[in-house]
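Structure first, commentary second.
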Amino acid sequence: MRKNKEKILSILLVFMMVFSIFVPPVSASASTTGEMPIKITLTDGTTEVTNIERSEISVDPGNDGEKTTIPLFNAEIPSGTEYVYIYYPAGSDISKYCAWYDQTLDQYPMQEEGEYTLEKLDDGSFKLRVKVDKTGDGNADTFIMKDSKLKLVNAVAFKFKDGSGGIAATGVSLNRNNAEIKNGEKLQLEAKVEPNNAANKKVTWKSSDSNIASVDENGLVTANAKGKAIIKVTTLDGNHTSECEVSVLPSDSDLAVEVKIATTPEDAIIFLTDVDGNRILPLENGKYSLKNGLKYDYIATKYGYVSKADSFVAGEETLNIVLEKATDNEAIKPNIPSQWPNFRGDQNNNAVVNMKTPKNANEATLYWSTKKGSGYGGNAIGSPIIVDDYLVFCSGKSLYKMNKFTGEVMEQTGKMVGNSNFNIIPPTYAEGMIFVGLANGTIQAFNADTLESLWVYKDSLRGQPNSPIVYNDGYVYTGFWKNERREANYVCVSVTDEDIHNTLEEKKATWKHEQRGGFYWAGSYVCNDFVLVGTDDGVSGYLSDTSNFLSLNPKTGEIIDKIENLNGDIRSSVSYDKVTNRYYFTCKGGSFYSVAVNKDGTFKKDPSGVQGYDLKEILLDNGANEPELPPMSTSTPVVHNGRAYIGVSGTSQFGQYSGHNITVIDLKKWEIAYKAPTKGYPQTSGLLSTAYEDEDGYAYVYFIDNYTPGQVRVIKDKPGVTSVIDGVTEQYGNGEILKGCAPVLFTPSGDEAQYAICSPIVDSEGTMYFKNDSARMMALGSKIDHIAITEKPQKTTYVEGETFDSTGMKVTAYLMNGLQRDITKYVSFSKDPLTKSDTDITISYNYVKYGDKFNAENGNETNVTVIPPETYIDLVILSSGDQDTITHVKGLIDAIGDVTLDSGKAIDIARKSYDALDESLKEYVSNYNVLTAAEAEYDAISNVVSQIEANKEVSYSKAEDIRKAREAYEVLTSEQKAKITNYQTLLDAEKELQSLINEIENVKTSINNIGTVSLDSEEAITMARKAYDALPEDSKAGVDNYNVLTDAEASLKTLKEDADSGQKPSEDEKTSEDTKPSEDERTQEVPSTGDENNLIYFAITGILSVAGILAMRSSSRRRV
């Protein structure tokens, strides 16, 4: 009976324990729910885990200091358990998006993906299969469940126990402690766990050098290369170990053969690996030392060509590889402009610009703020770049364009194959393409114009894409990060779109460099000679002196040089300053570095420098001098004019005013010049403007606090300054005051206030762009002094009821920084119908929100509303009656149509109607110019017609009138000439006139032919007289030698009379050959009386008359 009671009590106790564990959990955070699992079993489905304790855990999923408290169930499970089932009741709000949490490192998530499967059962409940030892380090891990909104639900922490109450393992031994095997052979090691009756006999195997000898999970050793390796076995229960030293001897196939790899084109890049993926580099002679008979893999790439991946067996002395030229993708537009193409704006990573950014809060305005996405994870809005007039960024699984003037998100989007982990790194633009880093070691390229995908690269080691992508000479470079202790790759990928028909073509890396600890925020400096990049330290935390600064060959990835054992994780980009010709970077251990590099990529040596290199170091300061709370810096140095500017953390990364500051370094003295305190950690990188140095001598440097509200700060500095200029006093906590803080340029307010991990970028107008964890993109620029209409619209007169038409209008904004901006596309005005009382219309620019008002003593006044600037256009609004009158006149003018000789009446009516208008209305007859043009054209053609008609009856006296009619006709346009209806009359008149002129010329010729008068000249004189008398009376005036005829007649008469009287001619009447006139002299009668002047006058008159007649004849011939 007693045993039965004890049994019943035991059952009740177990039931109560289980019930107490799975009561609905109460969340300590309003943002979480507490879904309760029904039970946990081993994978046999029946063995239930009963030893479960309920507690709570605080998790920092965003790694930003904002911790979320959720229920934690601590489940003790048998050692060696690989998987368990977790059951959730029907209706539970859970999702497949789960994660692991490393409580030891306080790291979330440990990896970007986990090994788990979620199954919905027939009764509506859920069964989740979870791998217990996710990391494979022999220790159970902590699993976190999320709901459908990706909020954290609860956590289950697994802990191994010793064999479910059985006997614990006390040791382990191997069947061999040392062994010799030939390369390529295998050796089976056997482990014996003690005691024989140990509950958990599971073990793990590990090799000290898998390149020499690798071992699988069953203890099977494979010899890979000549050398020695230690094979270690470890019990899962108690971590007991035993070792075997394996010596690998050369095999018959180990005989090396030198293989030449010849490529077409010759400068194609070869990435050669053995079967285990280990890279093989060429010898100094360019050949590869390989093992005869073994298989090798290669990837051959070159910008502009189609890559080739294949394998071969070493043996032949030469391997020939031919690459095909890639087909040009004509859809890519390589010349799209970009004002800010990558993380730091240019290849030097220095972010020094000559843009007129606002100098203080009183000059700055938030133009707009646009929300896209949510939070700070993969769905957050990403940091931007500027391509054309758009901001380009990622959010979720989409690539977006945003109008940089308005914040409007364009409909055009790019579809990404995944998302980013935190969207903290912007895309990169080059040669008409945009390159985006995505989760799981992915790079995706897009057409910058259409946002269509071009290709996808997926790295074999995967990892988070938290380092900037850098472009140089046809290739992109970036590194990935998986875990502080895990290996990750730094890669180089050709940007060539090798298959223009496949938007998701899988690219191959040109080369890869594997690095323990990987690359996080480690942006590279890349040129044609070398790649400079820093690494994480490869261990947990960030204080280990084990990070590296690498110099790599940009074409092959070979290590040119490296500096080891630097101060913690290097998580900044490498910036270059041309003046000092040095490279700069920071690290989380609290150091600022400067290094000199030779042309060949090797680091310069200096016995006085760090580790014998020309490497300088400054220990940063957050005011604490506590080794465990160092002045971390992940800020890429901005270097200018002998100064460097970086953001430095305080003693508490997310504790306000805990020593955070902007540090200014005097490079010449190699010391900290001063520190400008800030509320939050300026965790990202700064922006420096030199635009005002010629005015006031100062550079202006901008940083953003990574602490709510995410203030933008600005310091003005120049060499010689030793303290913050215009430092401000800030109050926090319980009335605590901090003086000399960096001045605040802008404070996000309301829903726009949040933590901010984004380095500001800037466009040519001095407008800065950035995002914060409110998932908003913001534009902060110079205040607008005023706006003005710089080109009036085409229409300013309207009839009541019409709406304003802005066609032809140009509106210009005049900024306080002295620049002007065309804002025509973005102004607003009323679309309401106009009324008779309207005398103007208001044009406003609404893309302004608010800003700060500077106050050095009490901190800025924030959220100061900015009134949208306005301007006006004068309008005339007509009544319907006035408009009818104007319309009637305009109609009469339009009715004139094509002007002809019949248009006179229509023109006259239109003119009289216009003249009858009230003077105030005449200016609104918009086609008045048509009337005046019609009048001018009518006058022109009617005048010509009248002139022609007046010469219809032709006589020689009308020759001049006919000539003038011809001249009037010729000045007409071709269209006007076609309207001269009596043109044939002119032609006929000119023809008839020419006939008259011909008759006159014939008469003149007959007179000239008389020659010297003698008694024999009577017939010629008689004929000339008859010809002259036959002329029309009007034509006789054209016979300008008529006097020759009359003189000849007189002479003949005298000769006759003398002959009848028998007298001889007197001496005066005699003629001889010496006195005979010349042919030219016969043309003109020589005056018988008068002086010499009279002779000249008559000679000129005669010549001009003949010339005029000849000209008329010539003109007549041309016109016929």
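Bear in mind that the values in this text are calculations on the coordinates, not laboratory data. Computed from a predicted structure; not experimentally measured. In this analysis, Cβ positions are derived from the backbone assuming ideal geometry, glycine residues included, and neighbour counts consider all displayed protein chains.
Before moving on, here are some points about what is shown:
- Exceeding the 29 Å Cα-Cα cut-off - candidates Lys372/Lys810; Lys562/Lys679; Lys588/Lys668: Lys372/Lys810; Lys562/Lys679
- Whole-Hz couplings from phi, Karplus 6.51/-1.76/1.60, listed for the range 725-731; x for Gly and Pro: 7, 6, x, 10, 9, 10, 10
- Charge dipole magnitude, Cβ of K and R +1, D and E -1 - the range 880-949, Cα centre, debye nearest 20: 60 debye
- Our estimate of slack between Ala624 and Asp751, defined as 0.36 nm per intervening residue step minus the Cα-Cα distance, is 42.3 nm.
- Think of each Lys and Arg Cβ as +1 and each Asp and Glu Cβ as -1; about the Cα centre, that makes the dipole of the chain roughly 6440 debye.
- Segment Val721-Leu901, length gained on full extension (0.36 nm per residue, minus Cα span): 56.1 nm
- Looking at the range 148-249, the GluC sites (Glu not before Pro) that sit in a DSSP loop and have at most 16 other Cβ atoms within 10 Å of their own Cβ are Glu185, Glu190, Glu217.
- Trypsin sites (Lys or Arg not before Pro) restricted to DSSP loop in the range 814-843 with at most 10 other C-beta within 10 Å: Lys831
- Selected from Leu667, Pro748, Met778, residue furthest toward positive end of dipole (the range 645-783; charges at beta carbon): Leu667
- Modelled spin-label separation between Glu953 and Glu76, with each label point placed 7 Å from Cα along the Cα-to-Cβ direction: 14.3 nm.
- Shape parameters for the range 880-949, alpha-carbon atoms, Rg then Dmax in Å: 13.3, 48
- Remark: spin-label model distance Glu316-Leu220 equals 3.3 nm, labels positioned 7 Å along the Cα→Cβ axis.
- Dipole of the chain computed with +1 at Lys/Arg Cβ and -1 at Asp/Glu Cβ about the Cα centre; of Tyr296, Gly184, Ile385, farthest Cα towards the positive end is Gly184.
- Computed Rg/Rh of the range 174-309, alpha carbon atoms with Kirkwood Rh: 1.15
- Sequence ranges 169-178, 487-496, ranked by mean other-Cβ count within 10 angstrom, highest first: 487-496, 169-178
- Rounded to whole numbers, the Karplus 3J(HN,Hα) couplings from phi for the range 661-670 are 6, 9, 9, 10, 10, 8, 5, 5, 7, 6 Hz, using 6.51 cos²θ - 1.76 cosθ + 1.60 with θ = phi - 60°, and x at Gly and Pro.
- Fully extending the segment from Ile909 to Ser540, taken as 0.36 nm per residue of separation minus the present Cα-Cα distance, adds 123.1 nm.
- Proximal charge balance of Asn320 [Cβ under 12 Å; K/R count +1, D/E count -1]: -2
- Cut-off under 5 Å, modelled amide H: who pairs with Arg582 long-range: Asp577
- Per-residue ellipticity at 222 nm, computed for the chain from helices alone with -39500 (n - 2.57) per DSSP H run of at least four residues, works out to -5500 deg cm²/dmol.
- Comparing Val233, Asn1008, Val721 along the charge dipole axis of the chain, the residue lying farthest to the positive side is Val233, per the Cβ-charge model.
- Note on Lys508: lysines with a C-alpha under 17 Å away, same-chain residues under 8 apart excluded, are Lys302, Lys308, Lys325, Lys458, Lys555.
- If R0 is 51 Å, the Cβ-Cβ spacing of Ser926 and Glu960 corresponds to a FRET efficiency of close to 0.70.
- Of the trypsin sites (Lys or Arg not before Pro) in the range 547-653, those whose Cβ has at most 16 other Cβ within 10 Å and which sit in DSSP loop: Lys578, Lys599, Lys604
- Dipole in debye (nearest 20) - the range 171-249, about Cα centre, beta carbon charges: Lys, Arg +1; Asp, Glu -1: 80 debye
- Here the contact order of the chain, divided by its residue count and restricted to Cα pairs under 8 Å and six or more residues apart, works out to 6 percent.
- Bridgeable aspartates and glutamates around Lys206 (alpha carbons under 13 Å apart, same-chain partners fewer than 8 residues away excluded): Asp137, Asp216, Glu217, Glu243, Glu245.
- Grouping the Cα pair distances of the chain into 20 Å bins from zero gives a pair-distance distribution of 9, 26, 24, 13, 10, 9, 6, 2, 1, 0, 0 percent in increasing distance order.
- Nonlocal Lys pairs with alpha-carbon distance under 27 Å, the range 981-1070 (8 or more apart, or different chains): 16
- Using the Karplus relation 6.51 cos²θ - 1.76 cosθ + 1.60 with θ = phi - 60°, the per-residue 3J(HN,Hα) values for the range 578-593 come to 5, 5, 7, 6, 9, 10, 10, 7, 10, 8, 6, x, x, 10, 10, 10 Hz, with x marking Gly and Pro.
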